[in-house]
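Q: Got a structure for you, questions after.
The values are calculated or read from the model by the stated rules, or taken from the named source; none is laboratory data. Please read all numbers here as calculations on a predicted model, not as lab measurements. Every residue, glycine among them, receives a Cβ derived from its backbone with ideal geometry; neighbour counts consider all protein chains shown.
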Amino acid sequence: MHDFSTLRGAVLSGDAPAAVAATRQALDAGVDPLELTNHAISPAMDEVGRLYEAGEYFVPELLLAARATKEVFKVIRPLLARQGAQPTGRVVLGTVQGDLHDIGKNLVAAMLEGSGFEVIDLGVSVSADKFVSTIREKQPDIVGLSALLTTTMPAMKATLEGLRSAGVRDRVKVMIGGAPVTQTYADAIGADAYGENAAKAVDVARRLVGR
Ligand code: B1M
């Protein structure tokens, strides 16, 4: 098997140019992009998550590792698509209406992608209607809602109500997260799950799709 230690090390240290260079080298050597994802990127992001949970990595390290992963995925995504590789699951993600914070959401998106999920990122200040139309069009397994303001947390509840009244709530699992959000709030509004941070969000998403 190809030696992925350089690529794993580059992701772990958040060195995007080195990660892309190691990716291109592996692909040039004939490595399958799916093998590269499974044996280098996913384990490296698992390790990043573990280090974050252990308090050895902080948000800057997470962001750098996530950015390195994102750059690697720009290279391999078209190749994976051409192979018809099945993603772990499909997630539609967005920051709820009225809220413009996206750093945490972007981190969650990158960590999910690094773990093999297909992520459709709707950006910031996303209306319930936009979530509904995207669910109908893209048929995701999971809808992820992010909020950073106490004043926009009610938009999470409103989004869930929008999904219910449009008749699409039962088609998806809903995960919520963001600094002011709690498991208690998730339970109160009827979300399926709460992700405390980007690493936990990946674990939760895997559980939601039964992987
Ligand atoms: Co804003 N802001 N901000 N801000 N801002 C906060 C959130 C605030 C706590 C600062 C403060 O007062 N101490 C405060 C909220 C207070 C409250 O509601 N209780 C606040 C405020 C008040 C505001 C404005 C109202 C300020 C104003 O204009 N008067 C305004 C609102 C604009 C709007 O949204 N409508 C505003 C604006 C901004 C900027 C645009 C300047 C900028 C955002 C830039 C951007 O995101 N592109 C900004 C920033 C950067 C912050 C702080 C400093 C940092 C947030 C951040 O990115 N953290 C923040 C203070 C702070 O947190 N120290 C603050 C890093 C990020 C990695 O963490 O987002 O928590 P976080 O994401 C984590 C987890 O929460 C979780 O995983 C991530 C990674 O571990 N997570 C999920 C997040 N989403 C998830 C989804 C999941 C699962 C997990 O599943 C789907």
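Q: In segment 70-99, what residues are under 19 Å from M111 (Cβ atoms), part of a strand (DSSP E or B) and hydrophobic (A, V, I, L, M, F, W, C)?
A: Hits for segment 70-99 are V91, V92, L93.
Q: Suppose we keep only residues that are farther than 23 Å from R82 by Cα, among the hydrophobic types (A, V, I, L, M, F, W, C) and modelled with pLDDT of 95 or more within segment 13-44. Which one would you say is surrounded by the fewest Cβ atoms within 10 Å (Cβ to Cβ)?
A: Top of the filtered list is A18.
Q: Do we find that G178 is within 8 Å of the ligand (Cβ to nearest atom), touching a Ser or Thr at 6+ places or on another chain (Cβ under 6 Å) and touching a residue at least 40 places away in the same chain (Cβ under 8 Å) in this structure?
A: For G178, the condition - within 8 Å of the ligand (Cβ to nearest atom), touching a Ser or Thr at 6+ places or on another chain (Cβ under 6 Å) and touching a residue at least 40 places away in the same chain (Cβ under 8 Å) - is met.
Q: On the basis of being within 19 Å of the chain's Cα centre (by Cα) and touching a residue at least 12 places away in the same chain (Cβ under 8 Å), does T6 make the cut?
A: No, not satisfied.
Q: So which residues in segment 183-202 are among the β-branched types (V, I, T) and either surrounded by 21 or more Cβ atoms within 10 Å (Cβ to Cβ) or within 11 Å of the ligand (Cβ to nearest atom) (or both)?
A: The one that is among the β-branched types (V, I, T) and either surrounded by 21 or more Cβ atoms within 10 Å (Cβ to Cβ) or within 11 Å of the ligand (Cβ to nearest atom) (or both): V202.
Q: Test G210 against the criterion of being within 13 Å of the ligand (Cβ to nearest atom) and either surrounded by fewer than 21 Cβ atoms within 10 Å (Cβ to Cβ) or touching a residue at least 12 places away in the same chain (Cβ under 8 Å) (or both), and give yes or no.
A: No.
Q: If we scan segment 135-154, do we find a residue that is free of Cβ contacts under 8 Å to residues at least 24 places away in the same chain and crowded, with 18+ Cβ neighbours inside 10 Å?
A: no
Q: On to the next question. Do we find that R171 is under 22 Å from P87 (Cβ atoms), more than 15 Å from the ligand (Cβ to nearest atom) and free of Cβ contacts under 8 Å to residues at least 60 places away in the same chain in this structure?
A: The answer is yes for R171.
Q: Given S115, S146, which one is of a type outside the set (D, E, K, R), in contact with a helix residue (DSSP H, G or I) (Cβ under 6 Å, 6 or more places away or on another chain) and at pLDDT below 95?
A: Matching residue, one of S115, S146: S115.
Q: Have a look at S133, S146 and point out the one that is within 8 Å of the ligand (Cβ to nearest atom) and polar (S, T, N, Q).
A: None of the others qualify; the one that does is S146.
Q: Which condition does A85 not pass, out of (1) closer than 27 Å to F131 by Cβ; (2) buried (at least 23 other Cβ atoms within 10 Å of the Cβ); (3) touching a helix residue (DSSP H, G or I) at 6+ places or on another chain (Cβ under 7 Å); (4) at pLDDT below 95, if it passes all the others?
A: Against the list (1) closer than 27 Å to F131 by Cβ; (2) buried (at least 23 other Cβ atoms within 10 Å of the Cβ); (3) touching a helix residue (DSSP H, G or I) at 6+ places or on another chain (Cβ under 7 Å); (4) at pLDDT below 95, A85 comes up short only on (2).
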